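Everything on this sheet refers to the single structure shown next.
The values are calculated or read from the model by the stated rules, or taken from the named source; none is laboratory data. Please read these numbers as outputs of a predicted model, since none were measured by experiment. So basically every Cβ, Gly included, is an ideal-geometry build from the backbone, and we count neighbours across all protein chains shown.
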Amino acid sequence: MTVFLIILGALFVYSIYNYTYSKLWDKNLSAKLSFSSPRAVEDDMITLYEEITNKKSLPIPILKVGFKTDKSLVFEDSKNINVSDFCYRSYIFSLLFYQRITRTL
């Protein structure tokens, strides 16, 4: 009987956890890309800033963030890049509550 109550309690906690994340995971969550310069010409070296912000009291254990740019842009590090007609980049983050992550590319 005790094992049954433990399993039932675990299922109850899991269902509350699942319901909470399904309703609130994307609230107050933002991602922003910006360049260090408003204009660039060929052979200019500029910086791309990627900022992910979690403004809630719910941590996000796994978040996959991706973006695409023109394939003529060349990045110094060529990790996590898939090039076809655009240049696709994707990253996986883990965010605590009220946390901001800023990456410089």
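Considering the conditions (1) surrounded by 12 or more Cβ atoms within 10 Å (Cβ to Cβ); (2) modelled with pLDDT of 90 or more, residue 13 is excluded by exactly one of them, (1). Among residues that are under 24 Å from the mean Cα position of the chain (by Cα), within 19 Å of residue 102 (Cβ to Cβ) and surrounded by 10 or more Cβ atoms within 10 Å (Cβ to Cβ), residue 58 is not included.
Just one residue in the set 69, 47 is β-branched (Val, Ile, Thr), surrounded by 13 or more Cβ atoms within 10 Å (Cβ to Cβ) and either at pLDDT 90 or above or closer than 23 Å to residue 103 by Cα (or both); that residue is 69. Within the stretch 77-91, is there a residue that is at positive phi and modelled with pLDDT of 80 or more? No, the conditions are met nowhere in the stretch 77-91.
In the stretch 59-70, the residues that are in contact (Cβ under 8 Å) with a residue 24 or more places away in the chain reach residues that are of a type in the set (S, T, N, Q) with C-beta atoms within less than 6 angstrom, at least six apart or across chains, in these pairs: 60/54; 61/94; 66/90.
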